[in-house]
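Worksheet: the structure to be examined is printed underneath.
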Amino acid sequence: MPTGASIPATVTSKQTTPAPGSGATVAVPEPSGSPAAGASDAPDNCAPRATAPFRSLAAAVVVVVEPADTAGSGSSDPQAAVAASPVMASTATRPRIVVTSLVRTNGARWFTAAPGRPATPRYRGSVARPTATHAYVADGAVAETFEAVVANVARVVQGKDDAIRLAVCCMLAEGHLLIEDVPGVGKTTLAKALGASVGCSWHRIQFTPDLLPSDVTGVTVYSRSTGAFEFRPGGIFANIVLGDEINRASPKTQSALLEAMQERQVTVDTTTYALPEPFMVIATQNPVEHEGTYPLPESQLDRFLMRISMGYPDRVSEIEMLHSHGDRRAGAPDDLSPVVRAADVAAMADAVRLVHVAPAIEEYLVDLADATRRHPSLALGVSPRATLALQGAARARAAATGRGYVVPDDVKALAGPVIEHRLVLTPEAAIAGVGPGEVLHQVLAGVPIPSGRPAGRAQ
């Protein structure tokens, strides 16, 4: 998150001091200025109205109030605590936040925050001081930081702007990425460049036939020095994990990722260990080399938010690649410097979850999922997890373009990377040469797009 962005130090509030142990609410005035870019081009029933969390990213404000900070500021007013909070004066330490409910009263937007809890690895809202006063203001910085990460990765991955944007979008949606393509097109380079662009922990696991589940999750060993059993974390304990050639490991080892990818935790010897946040698995595999490989089961594929392919570069990009990568010492992902911190990625993901999804868009998502389940060429349609994944990815795409609401084009643009790898063809369709992409195209063409005006609205 850019540290140069300023945060307003004024928040209007009529809220009294919250009771100990209860949530706190702070009123935020209506944003001034013009709507977000592109708002006028969106259908009327996609942009947020009276009950929307916010109209644009510039208006998103979340406040968590802690009585200790209120007392420390010399006032019992939550507004004074917010104004006195260190994060109001600097964006260098923007924390993770949790919003439990959103209400609108008398023209002001009220964000009800969860009360403070003891800091535990399993609590998604835990920070250095879990009950400190915090404020997070998204003033268009999500789109700005998104472009900064894309530009940094593009320094070593030439001519693959679409693949890079999908990878960063997947990260903001808190999903996992599967990169599947022929050898030598930059799958691992993309994964390493993305990890190098984020200032966080990064591990690589080279999946081989002799890799064991304990190599991934970790193992409990006896320490002679302490006389007790100690847990030694495996390669999965990092913010970004690259699983290279994932289909070369046995199904037993592949299954070690199931709990980590879905629940962001690992259980070893009946003890559960939380994984760091943010957490993302980027896996690669080759679709043309099947000797000595084990295809990923449907339960594993369904845990990947997106599956993308790199493709061959165009002529201009390949010539540029020869110039920049002719010297093996130049243009490597290891040469990249981080342009965003792990805490910034977590804060951006929080802002993405607040992007407004209109009821018409939600119905459109469910209609798409239902159409895949009833299509005659499909033996298995998409699961509810896939519907949630498509909504999250659409929110990330909207935030990356500076919009605070989802439009149908967001859903259609990401339907392929999010849905296609989850579809299972019937034997008859496979024999006839029908592909999942063709079936998905039929589904998108057959489901009506939400109209520009909600039903019953005056013309």
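Please arrange 150, 157 by counting, for each residue, the other beta carbons lying within 10 Å of its beta carbon, fewest first.
The most exposed by this proxy come first: 150, 157.
If packing is taken as the mean number of other Cβ atoms within 10 Å per residue, what is the order of 205-215, 273-283, 220-230, highest first?
So the order, starting with the most tightly packed, is 273-283, 205-215, 220-230.
Residues of the range 339-365 with the amide nitrogen closer than 15 Å to a label point 7 Å from the Cα of residue 413, along Cα-to-Cβ, please.
No residues fall inside that zone.
Please report the spacing between the Cα centers of the range 259-338 and the range 368-440 in Å, no decimals.
The range 259-338 and the range 368-440 have Cα centres spaced 21 Å from each other.
Quick one, can you get me the convex hull of the C-alpha atoms of the range 356-446 expressed as volume per residue in Å³?
79
Any read-out appearing in this document is the output of simple, stated calculations on the displayed coordinates, not a laboratory observation. Everything numeric in this text was worked out from a predicted model, so none of it was measured. All Cβ positions, glycine included, derive from the backbone under ideal geometry; neighbour counts span all protein chains shown.
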